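**Student:** Dropping the structure in here first, questions after.
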Amino acid sequence: MKRLTTLLLLTLAAALFSCGAPTPESSPPKPADELQLTKKLALRGLAWVDTSLRRTLEITGEKFPISTEDGVWELGHDGWTGGYYAGMLWMMYQHTGKKFWREKAEKYTWLLERHKDDADNSDICILSWPSFDLGYTLTGDEALRQVGLTAARTMMRRYIPSGGYFQNWGRLGDREQLGFVIIDCLINLDHMFWAAEQTGDSSFAQAASSHAHRSRAAHVRDDFSSYQVVELNPQTGEMIRGFGKQGLGDETTWSRGQAWGIYGFTRAYRNTGDPAFLETAKKMSDWFLEHLPGDQVPYWDFDLPPGEDHPRDSSAGSMAAAGMLELAGLLDDPAEAKHYREAAGKILASLTVNYLTRGLPGAPQGVLTGGTYFFAVGGSIDQANIWGDFYYLEALLRWLEPGFWLEGRS
Ligand code: GLY
């Protein structure tokens, strides 16, 4: 019953957001000064991704893994997270070239096709980008490209020109929810930049760039911490207020929100070349790193009372590490690039030494434990989740192969 209630609450949360770590090999977690990512350790992490993903494939059928409860995947019909499953399979194909991974990736990508015309779904970009766009880049299959472009045109219907941002919550045009924007939705912009590049139609990129500027002006506080949610004036795009949802409070910093910002503004810089996004990505990364606990994996909110052992959010750690590795690849100054690469390496080392599900009692599913989906509703706390696993795989591949780009080009 508790599982059912939790599932219901998470389903509600997913509709709204559309969008203590066990230590398998040591206890307590190893602190940063004992951690260094080596090729051997990274390959150990990658081998565990391979094993764990094959195990997950045995049980998913036509469904998608979302997050675990008591070490067991909650399976669903894709929600906001389905693209991550397909994306992990595509990354494994990109890394290994094996037909096995391509066939699985194609299967779970095509299961997402039904979203392409749904303008009431604000998550069609993050469903489409790691699946159809990445799949097209790796295979050249025109049918995949066409679905991705259809989804991008559908998403353009959610763009509010007067405000300069995409409607995040609610059905298309829902007047009650028109002004709310979450930092998580920066992740949708990649798909729009991809559509602009594919079609030569700059309106996709202009809308994405404008959304990123609105988000930067509103979500990012003066000290480069962040709000998860802001309310904007749909007529002008100006900020009315900032507040929290999945974090501890309105003025705290939800760790995954900060990670969405690091990853999202790094990608916005990559796609636009606008130095304002680069500066924001660097400063948000610095803030994140300065506030990490000793083992380099954040608690689920950065403003939890000190001196207590709170649950972590390993997915915020893997997402931030993936973002910082991309950031390092975009920086001209070798010393700065080294700084972010090493910082990301420490997070990845801790995730690999302290947070893999490998060897834990009960053989929990998923790659990383220690993720927290939504603390306030009791949803998937200190568990695995598919986005945390996705960013862990992405970050490992970026670290191991500095030329590795998710888009398949370097
Ligand atoms: N709202 C998406 C997330 O939980 O990060």
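**Student:** Translational diffusion coefficient of the range 154-267 at 10 °C, 1.306 mPa s, Stokes-Einstein with Kirkwood Rh over Cα pairs, in µm²/s as a whole number. Please report the intermediate quantities before stating the final value.
**Tutor:** Numbers: Rh = 14.1 Å.
Diffusion coefficient, whole number: 113 µm²/s.
**Student:** Size of the range 267-338 along its principal axes in angstrom, Cα-based, largest extent first?
**Tutor:** Here the Cα extents, ordered largest to smallest, are 41, 22, 17 Å.
**Student:** Taking a ≥ b ≥ c as the square roots of the Cα gyration tensor eigenvalues, with a/c under 1.5 meaning rounded and otherwise prolate when a/b beats b/c, else oblate, which class fits the chain? Mind dumping the intermediate values first?
**Tutor:** Details: a/c = 1.28, a/b = 1.16, b/c = 1.10.
It comes out rounded by the Cα gyration axes.
**Student:** Find, among the GluC sites (Glu not before Pro) in the range 29-133, those assigned to loop by DSSP (not H, G, I, E, B) with at most 10 other beta-carbon atoms within 10 angstrom. List each step's numbers first, then the result.
**Tutor:** On the way: sites: 34, 58, 62, 69, 74, 103, 106, 113; in loops: 62.
Here the sparse-neighbourhood loop sites are 62.
**Student:** Could the peptides 361-373, 40-52 be put in order, highest first, of the mean number of other beta-carbon atoms found within 10 Å of their residues?
**Tutor:** Details: 361-373: 22.5, 40-52: 16.8.
Ranking the peptides 361-373, 40-52 by packing returns 361-373, 40-52.
**Student:** For the range 80-169, what number results from the quotient of the Cα radius of gyration and 2.2 N^0.38 Å?
**Tutor:** Working: Rg = 13.7 Å, N = 90, 2.2 N^0.38 = 12.2 Å.
Here the Cα radius of gyration is 1.12 times the empirical estimate.
**Student:** Any lysines with Cα under 30 Å of the residue 338 Cα? List them, leaving off those in the same chain fewer than 8 positions away.
**Tutor:** 30, 39, 40, 282, 283, 346
**Student:** When we measure straight from the Cα of residue 63, which lysines land under 17 angstrom away, once same-chain ones fewer than 8 places off are left out?
**Tutor:** Filter leaves 104, 107.
**Student:** Also, I was wondering about something else. With each pseudo-label sitting 7 Å past Cα toward Cβ, what's the residue 142-residue 156 distance in nm, one decimal?
**Tutor:** A separation of 2.1 nm, rounded to one decimal place.
**Student:** To the nearest 20 Debye, how big is the dipole of the range 57-209 about its Cα centre, given +1 on the beta carbon of each Lys and Arg and -1 on that of each Asp and Glu? Each step should come with its number before you reach the end.
**Tutor:** Working: 14 positive and 22 negative charges, 69 e Å.
I would put it at about 340 debye.
**Student:** At q = 0.10, 0.19 Å⁻¹, what log₁₀ I(q)/I(0) does the range 182-337 have when each alpha carbon counts as one equal point scatterer in the Debye sum?
**Tutor:** Per q value, in the given order, log10 I(q)/I(0) is -0.35, -1.16.
**Student:** Now a separate question. Assuming 0.36 nm per residue, please report the length gained on full extension of the stretch residue 36 to residue 100 beyond their Cα-Cα distance. Don't skip to the end; give the middle numbers.
**Tutor:** Details: separation 64, 0.36 × 64 = 23.04 nm, distance 3.25 nm.
Contour length minus the Cα-Cα distance gives 19.8 nm.
**Student:** Over the range 131-177, what number does the Rg to Rh ratio reach, with both radii from the alpha-carbon atoms and Rh per Kirkwood? Provide the component values of the computation, followed by the final result.
**Tutor:** Numbers: Rg = 14.0 Å, Rh = 12.2 Å.
Value, to two decimals: 1.15.
**Student:** Continuing with the same structure: At 7 Å along the Cα-to-beta-carbon direction for both residue 274 and residue 338, put a label point, then send me their distance in nm to one decimal.
**Tutor:** It is 3.3 nm.
**Student:** Scale the Cα Rg of the range 291-410 by the rule-of-thumb value 2.2 N^0.38 Å and send over the ratio, two decimals.
**Tutor:** On the way: Rg = 14.9 Å, N = 120, 2.2 N^0.38 = 13.6 Å.
So the range 291-410 has a normalised radius of gyration of 1.09.
**Student:** Of the trypsin sites (Lys or Arg not before Pro) in the range 134-229, which ones lie in a loop per DSSP and count no more than 16 other C-beta atoms within 10 Å?
**Tutor:** Numbers: sites: 145, 153, 157, 158, 171, 175, 214, 216, 221; in loops: 157, 158, 171, 221.
Passing sites in the range 134-229 are 157, 171, 221.
**Student:** Oh, and also: All other residues with a Cβ under 10 Å from the Cβ of residue 135 taken together, and with Lys, Arg as +1 and Asp, Glu as -1, what is their net charge? Provide the component values of the computation, followed by the final result.
**Tutor:** On the way: positive: 102, 145; negative: 106, 133, 141.
Net local charge, residue 135 excluded: -1.
All of the numbers you see were taken from the coordinates with simple rules; none came from a lab. Predicted model, so just to flag it, every value in this text is computed and none were measured. Because the Cβ atoms are built from the backbone with ideal geometry, glycine has one as well, and the counts that use them run over all protein chains shown.
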